[in-house]
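A short write-up of the structure that comes next.
Derivation of every value follows stated rules applied to the coordinates shown; laboratory data play no part. Keep in mind that this is a model prediction, so the values were computed, not measured. Virtual Cβ from ideal backbone geometry, glycine too; neighbours counted across all protein chains shown.
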Amino acid sequence: MEFKTFVFYFLAVIMVFAALRVITVRNPVHAALFLVLTFFNAGGIWLLLQAEFLAVTLVMVYVGAVMVLFLFVVMMLDINLDRIREGFWSYLPVGALVGILMLIEMVMVLGGRYFGLDAMPAPPAAQAGYSNTRELGRVLYTDYVYPFELASLVLIVAMVAAVALTLRKRKGVKYINPADQVAVRREGRVELVKMSAEKE
Amino acid sequence: MEALLQPVAELFGPSWPAVWTLIKIVAIVAPLMGAVAYLTLAERKVIGYMQVRIGPNRVGPKGLLQPIADGVKLLLKEIIVPSGANKGLFILGPILAIAPALAAWAVVPFDEGLVLANVNAGLLFLLAITSMEVYGVIIAGWASNSKYPFLGAMRAAAQMVSYEVSMGFALICVLLVSASLNLSDIVISQGQGRFHEMGLSFLSWNWLPLLPMFVVYLISGIAETNRAPFDVVEGEAEVVAGHMVEYSGMTFALFFLAEYANMILVSILTSVLFLGGWLSPLGFLPDGFHWLALKTAMILFVFLWARATFPRFRYDQIMRLGWKVFIPVTLIWVFVVAVWMMSPLSIWK
């Protein structure tokens, strides 16, 4: 067996196991940590596909930022497992439908030769000095610059909306402006009074 | 060298590349651990002198064996796992703290061609690996099942995610001007330009044209490693020692090693990205690893100096500095550098 194949199966087995544990483990914090493991192994598999930019971005964004905040929230919540399990049977049909759809898609991808995969030949091997990052950047900022900018605009609108919806102005908060604090001078705070000593 | 290694390589057969890589890893990690040990002594000495004390001077000549004594003490101490703690994660926490701190060294170039993995996406790899450092702290804080560690973990999560953003933007400026993600190429690209031809190489390094980014990166680096004055994660006056409250013996030592290894990493990266790595500051002096070591030591001294000088930030002020000062400054500077590079005044042609 080629070493690369071994690495693939190694990553894939851990990934599938971790993904299974995400939905079977009882403790939500453990589930989130298994999801982190899944993302990390997915990043490894993308590296094998020579998509190093996407792999590193996956680790950086999902493992390094999204899941940290996710854990932050999950750790703070007091989740009642019995309450969550109550709705299992009523949600099952929806979940099963999504699962079956994904199964069909995977069958179509894996059994590609029965569905006309020949129309899409495998891409030529990358030559030496090929930089995934450079190629992605070139495509994103030349051919697809308008869709790309549009997507970023949609994202920023979503961000502003999320902040605006959850922002509430609380009254009676003793907020101190740091600029004022820094601008404080001795003259504004201390007053030296000169007076003669007093007798009782 | 090649001829010397040939018989050894034949001895190991096909497993030789793995063995050779392992040897290289040991050659990086062993001196690193030594540097970590003596950094703790340097810290206590430097802060001691700054506070007009002597610092440790009892173990060995001039206190030079103090780190060894500390290490032995921590090795021999019992590891206590609190009864309500989540045992597996409690042990996993310190391991996850030290693993990224060591893994990041794979792409650090020490001299021309002297790097464990000379990968093209080195800078990206660093960003990804350093973004995982926070897990050790969060998992430790949660698994301890105790209030102060948990508060420390929450603080760590918010602080490290915030400062990673400004750090990332500072790195974007660096890769813009050097047009490469490879750390060795970034160093080499700093050794050119008008000042370099005049023999004043230190003026052609990235720190001068990217001065605001240099400052932001250094301060964010201090915040990322949870060092004073940004050490609210373990602030002893507020949350006792944060995520490390329940740890003892080697599990505690791992957090300690990770913190100091990260300090050295941030310092060496600052030297590589902004201070020209192994390049010599003046034209007539030869380049070499000793310059990198010297620059790293200087920045490490700044770390210690800052710790001895500044009082701890308040938590909300840390958040304000990260989000309201650094991120706007870095965002604008990315834009300024991009326009500068496209203009006829560009110095990076």
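Per residue, the convex hull spanned by the Cα atoms of chain B measures out at 171 cubic angstrom. Every helix of 4 or more DSSP H residues in the protein assembly as shown counts as -39500 (n - 2.57), and over all residues that averages to -21000 deg cm²/dmol at 222 nm. The long axis of helix A:145-166 is offset from the longest Cα principal axis of chain A by roughly 50 degrees. For the set B:Lys24/B:Lys349; B:Lys62/B:Lys295; A:Lys4/B:Lys24, the pairs lying more than 30 angstrom apart at their alpha carbons are B:Lys24/B:Lys349. Among the residues of A:66-74, the average count of other protein chain beta-carbon atoms within 10 Å of the residue beta-carbon is 4.
Listed by chain and number, the aspartates and glutamates whose alpha-carbon sits under 17 Å from that of A:Lys174, ignoring those within fewer than 8 places in the same chain, are B:Asp316.
Taking a ≥ b ≥ c as the square roots of the eigenvalues of the alpha-carbon gyration tensor, segment A:1-86 is classed oblate because a/c is 1.5 or more while a/b is no larger than b/c.
Projected label points at A:Trp89 and A:Val25, each 7 Å from Cα along the beta carbon direction, are separated by 2.9 nanometres. Against chain A, whose longest principal axis is taken from its Cα atoms, helix A:88-110 shows a tilt of about 60°.
For segment A:1-93, applying the loop criterion from DSSP together with a ceiling of 15 other beta carbons within 10 Å to the GluC sites (Glu not before Pro) yields A:Glu2. Across all Cα pairs in the protein assembly as shown, the calculated P(r) in 10 Å bins from zero up to the longest distance comes to 3, 13, 24, 26, 19, 10, 3, 1, 0, 0, 0 percent per bin. Among the trypsin sites (Lys or Arg not before Pro) found in segment A:3-78, those both in a DSSP coil and sparsely packed, with 11 or fewer other Cβ atoms within 10 Å of their Cβ, are A:Arg26. Rounded, prolate or oblate: which one fits chain A, using the alpha carbon gyration tensor with axes a ≥ b ≥ c (rounded when a/c is under 1.5, else prolate when a/b beats b/c, else oblate)? Verdict is prolate for chain A. Sorting A:102-114, B:209-221 by their mean Cβ neighbour count within 10 Å, with the most densely packed peptide first, gives B:209-221, A:102-114.
Looking at segment B:29-125, the trypsin sites (Lys or Arg not before Pro) that sit in a DSSP loop and have at most 15 other Cβ atoms within 10 Å of their own Cβ are B:Arg53, B:Arg58, B:Lys77.
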